[in-house]
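The values are calculated or read from the model by the stated rules, or taken from the named source; none is laboratory data. Keep in mind it's a predicted model, so treat the numbers as computed, not measured. Cβ coordinates were reconstructed from backbone atoms using ideal geometry, including for glycine residues, and neighbour counts include every protein chain displayed. The protein model used for the area step is the full one, side chains on, heavy atoms only, and it has no ligands, DNA or RNA in it. Shrake-Rupley method; radii C 1.70, N 1.55, O 1.52, S 1.80 Å.
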Amino acid sequence: NAGVMQNPRHLVRRRGQEARLRCSPMKGHSHVYWYRQLPEEGLKFMVYLQKENIIDESGMPKERFSAEFPKEGPSILRIQQVVRGDSAAYFCASSRGQTLNEKLFFGSGTQLSVL
Amino acid sequence: TQLLEQSPQFLSIQEGENLTVYCNSSSVFSSLQWYRQEPGEGPVLLVTVVTGGEVKKLKRLTFQFGDARKDSSLHITAAQTGDTGLYLCAGPGAGNMLTFGGGTRLMVKP
């Protein structure tokens, strides 16, 4: 029973490059959430997706950031033209239903470092 | 925006001591959750409290939800080195998305 799988665990990019972070939810889960965590801080909500749909992207910067959750394959968080301020741990979580009624399971995160 | 403030931010204690960490808000929450996060890992859910005044126990951990559902506390009895980690409270925020507090980083020294 695999949990939420995120890869890569660590990603190093130079300023201006693109970062693609992947998240495979738990089996049977169709709801995916992305959070960002800066050092010594809590998690900040970015985006909530169901299969093929973005439900809430209110926490995601309007520029350079995008997310998708295709019918087949993992959810992808894409950051274009990365800047040093994008360095953070990015966590994906999944649930069977919406958070209020369902337990949220988190992956181990992707640590993005921008040089 | 419903904000959750956690205190203290950092706590360093000796093994065997007791401690309490707090999660406060000016807003009423329908429920609050507590997570523990270890370095290099994602948060893991410890408990969900739903009813005002509710007390839940998980071995040496006691969670309480305030009567007005605006605050919560986590008490650890006889802390062990394995309790070291970041303790996060979270509740439904805007759009019912889970909103996290800033966390309390606990270090239990042997």
Item to complete: Name the single residue, out of those in segment B:26-47 being more than 8 Å from chain A (Cβ to nearest Cβ) and β-branched (Val, Ile, Thr), that is surrounded by the fewest Cβ atoms within 10 Å (Cβ to Cβ).
Response: B:VAL28
Worksheet entry | segment A:99-110 - residue that is surrounded by fewer than 17 Cβ atoms within 10 Å (Cβ to Cβ) and in contact with a strand residue (DSSP E or B) (Cβ under 8 Å, 6 or more places away or on another chain) and, of those, farthest from the other protein chains (Cβ to nearest Cβ) | A:GLU102
Fill in: Subset of segment A:38-57 that is within 14 Å of the chain's Cα centre (by Cα) and at the interface with another protein chain (Cβ under 7 Å from one of its Cβ atoms) - its residue that is farthest from B:GLY42 (Cα to Cα)
A:ASP56
Discussion item. Please determine whether any residue of segment A:73-86 is outside any strand (DSSP E or B), in contact with a Gly (Cβ under 6 Å, 6 or more places away or on another chain) and within 27 Å of B:VAL47 (Cβ to Cβ).
Written reply: no
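Of everything in segment A:41-69, what is outside any strand (DSSP E or B) and within 26 Å of A:GLY16 (Cα to Cα)? Give them in sequence order. Step through it out loud before you land on a result.
If we filter segment A:41-69 for residues that are outside any strand (DSSP E or B), which is where we start, we get A:41-42, A:51-52, A:57-64, A:69.
Correct list: A:GLU41, A:GLU57, A:SER58, A:GLY59, A:MET60, A:PRO61, A:LYS62, A:GLU63, A:ARG64, A:PHE69.
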Response to the item:
For A:ALA93, the lone unmet condition from (1) within 14 Å of chain B (Cβ to nearest Cβ); (2) small (Gly, Ala, Ser); (3) part of a loop (DSSP other than H, G, I, E, B) is (3)
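Suppose we filter segment A:1-18 for residues that are assigned to a strand (DSSP E or B) and either open to solvent by 60 Å² or more (accessible area, probe 1.4 Å) or at pLDDT below 95 (or both); how many remain? I'd like the intermediate steps shown before the answer.
Taking segment A:1-18 and keeping what is assigned to a strand (DSSP E or B), we get A:5-7, A:10-13.
Restricting the remaining residues to those that are either open to solvent by 60 Å² or more (accessible area, probe 1.4 Å) or at pLDDT below 95 (or both) gives A:5, A:7, A:10, A:12-13.
Of the residues in that region, 5 qualify.
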Item to complete: Scan segment B:71-84 and give yes if some residue there is of a type in the set (A, V, I, L, M), over 25 Å from B:SER12 (Cα atoms) and in contact with a strand residue (DSSP E or B) (Cβ under 9 Å, 6 or more places away or on another chain), otherwise no.
Response: no
Worksheet, complete the sentence: Among (1) touching a strand residue (DSSP E or B) at 6+ places or on another chain (Cβ under 6 Å); (2) among the small types (Gly, Ala, Ser); (3) open to solvent by 40 Å² or more (accessible area, probe 1.4 Å); (4) within 10 Å of another protein chain (Cβ to nearest Cβ), B:SER12 falls short only on (4)
Item to complete: Only residues that are under 20 Å from B:GLU41 (Cα atoms) and open to solvent by 40 Å² or more (accessible area, probe 1.4 Å): list them for segment A:19-37, please.
Response: A:ARG20, A:ARG22, A:SER24, A:LYS27, A:ARG36
